[in-house]
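The structure appears right after this line, and notes come after that.
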Amino acid sequence: MSNRDDYLLSVIIPTYNSGEKLKTSINSIINQSLGMENIELIIVDDGSTDNITPEIIRDYQKKYPENIKAIFLDENSGYPGKPRNVGVDSATSEYIIFLDNDDLYFKKALEFLYNSIKKYDSDMVIGNYCYDYDGDRFANVMKYTPENIVNMRPLESQSNFDILSRSSVSPWGKIYKKEFLLENNIKHSEDIIFEDAHFYLNILKHNASITVFPNELVYNYIFVNDSTSHNYNMELLDKSIKGTYYIADLLKDLDVDSNLILIEFISQLLVIFSNIDNSQKIKAINKLFGLEKLMIKDLNLNMHSKGTIVNLLNNAIIKKQFRKAIFISNIYKIAYNNNFIQKIYKKIRLKH
């Protein structure tokens, strides 16, 4: 393994049992216009058990010993937070980029992100992404950032915070100044779901200098609409509620209103709630009720801006109308898991 410390940037891929699809992600980095010689690629295997994934990683490392750093964790952590943190700790360059193990960066993406963060001396630069939905590819539309934003501070105004909090909270599609992350002790939480949102909102909380390019496609996010791949159960809901408590605690002392982003988390919880077994839903309603009461008290949560069925379901939950909530959730489940409806919904949502 190389002892170089002169890479322009470090790309971190956390992976677990990704198999052959990992090759597409790695190849998208190898083929970057920035030049592989300028890139430190850190692949952190989170205890894969499929044998294929570690073999693929080792094969690539043999081909690119100067640039690829492979780290194998002893056991699976259950979340992407730990391998991402391990990757950051191992990075030697000034700038950090994350990539999920089933997505890819477009050929000129890293060159664009690197040049932008250098030019504007930002703490974070955000590009746009392409949404690959069951083979149909179309660009995300950043409705709230129609123009380029250069070095906006999220806490300088409510408008700034609303614009930036409604951007993609995923760690990918962005480049970060490593010094800013380390100085503010900004890491991915390792024991929760929504760890990516917690990481992003922690950057906003520390009033980072953020540059956004809504018309620059840098990332291809691949989404497969296969409801059988989602393990919806009470355990998932519990972990997601825990993550939302973390986020609520992070946001409660800010001088800006965080209602718009909180609505998105409640909406995601309602999807999980709708898909769990009916026998668990009374217990789940009580847990959601407790979370929302706290968020209403500490953060002035108001759900009025979401769609009709989401509001109907949420109102039933906060009023503890158990039968009504379960009935509405079953209708929501049918609509959510219908491939045709979801494809149309995604296209409308991303294009308008």
Response to the item:
Heads up, the helices (runs of 4 or more DSSP H) in the range 158-235 (entirely inside) with at least 2 residues that are small (Gly, Ala, Ser) are 158-165
Practice prompt. Please indicate, with yes or no, whether at least one residue in the range 159-168 is surrounded by 18 or more Cβ atoms within 10 Å (Cβ to Cβ), of a type in the set (Val, Ile, Thr) and at pLDDT 95 or above.
Written response: no
Worksheet, complete the sentence: By residue number, the members of the range 291-312 that are at pLDDT 90 or above and in contact with a helix residue (DSSP H, G or I) (Cβ under 9 Å, 6 or more places away or on another chain) are Leu291, Glu292, Lys293, Leu294, Met295, Ile296, Asp298, Leu299, Leu312
Practice prompt. Count, please, the residues in the range 136-155 that happen to be at pLDDT 80 or above and either basic (Lys, Arg) or not assigned by TED's automatic domain parsing to the domain that holds Tyr219 (or both).
Written response: 1
Fill in: Ser159, sole failed condition from (1) out of contact with any strand residue (DSSP E or B) (no Cβ under 6 Å at 6 or more places or on another chain); (2) touching a residue at least 12 places away in the same chain (Cβ under 8 Å)
(2)
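Table: residues versus (1) among the charged types (D, E, K, R); (2) at pLDDT 95 or above.
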residue	(1), (2)
Ile203	no, yes
Asn207	no, yes
Ser229	no, no
Thr244	no, yes
Asp257	yes, no
Leu260	no, no
Item to complete: Go through (1) β-branched (Val, Ile, Thr); (2) within 24 Å of Lys177 (Cβ to Cβ); (3) touching a Lys or Arg at 6+ places or on another chain (Cβ under 8 Å) one by one and return the number of the condition Val86 breaks.
Response: (3)
Worksheet item: Only one of Glu216, Glu190, Glu179, Glu147 is within 18 Å of the chain's Cα centre (by Cα) and touching a residue at least 60 places away in the same chain (Cβ under 8 Å); which?
Response: Glu190
Worksheet entry | Qualifying positions in the range 115-135 - within 21 Å of Tyr221 (Cβ to Cβ) and either at pLDDT below 95 or loosely packed, with under 15 Cβ neighbours inside 10 Å (or both) | Asn128, Tyr129, Cys130, Tyr131, Asp132, Tyr133, Asp134, Gly135
Discussion item. Looking only at the range 182-201, count every residue that is modelled with pLDDT of 95 or more and surrounded by fewer than 21 Cβ atoms within 10 Å (Cβ to Cβ) and tell me the total.
Written reply: 6
Fill in: Test for Gly19: is it surrounded by fewer than 20 Cβ atoms within 10 Å (Cβ to Cβ), in contact with a helix residue (DSSP H, G or I) (Cβ under 6 Å, 6 or more places away or on another chain), assigned by TED's automatic domain parsing to the domain that holds Gly127 and on the phi > 0 side of the Ramachandran plot
yes
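Looking at the range 238-263, which of its residues are without any contact (Cβ under 8 Å) to a residue 40 or more places away in the chain, surrounded by fewer than 19 Cβ atoms within 10 Å (Cβ to Cβ) and part of a helix (DSSP H, G or I)?
Going residue by residue through the range 238-263, those that are without any contact (Cβ under 8 Å) to a residue 40 or more places away in the chain are 249, 253, 262.
Those still in the list that are surrounded by fewer than 19 Cβ atoms within 10 Å (Cβ to Cβ) too: 249, 253.
Passing the criteria: only Asp249.
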Worksheet, complete the sentence: (1) surrounded by 17 or more Cβ atoms within 10 Å (Cβ to Cβ); (2) at pLDDT 90 or above all hold for Asn315 apart from (1)
Worksheet entry | Test: residue in the range 110-132 that is part of a strand (DSSP E or B), farther than 25 Å from Thr24 by Cβ and out of contact with any Cys (no Cβ under 9 Å at 6 or more places or on another chain) | yes
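Could you tell me whether the range 82-90 includes any residue that is hydroxyl-bearing (Ser, Thr, Tyr), at pLDDT 95 or above and surrounded by fewer than 18 Cβ atoms within 10 Å (Cβ to Cβ)?
So in the range 82-90, the residues hydroxyl-bearing (Ser, Thr, Tyr) come out as 90.
Then drop every residue that is not at pLDDT 95 or above, which leaves 90.
So of that shortlist, the ones also surrounded by fewer than 18 Cβ atoms within 10 Å (Cβ to Cβ) come out as 90.
So far as the range 82-90 goes, yes, one or more of its residues are hydroxyl-bearing (Ser, Thr, Tyr), at pLDDT 95 or above and surrounded by fewer than 18 Cβ atoms within 10 Å (Cβ to Cβ).
The values are calculated or read from the model by the stated rules, or taken from the named source; none is laboratory data. Note that the structure is predicted; figures quoted are calculated from it, not measured. Cβ atoms come from the backbone with ideal geometry, glycine included; neighbour counts cover every protein chain shown.
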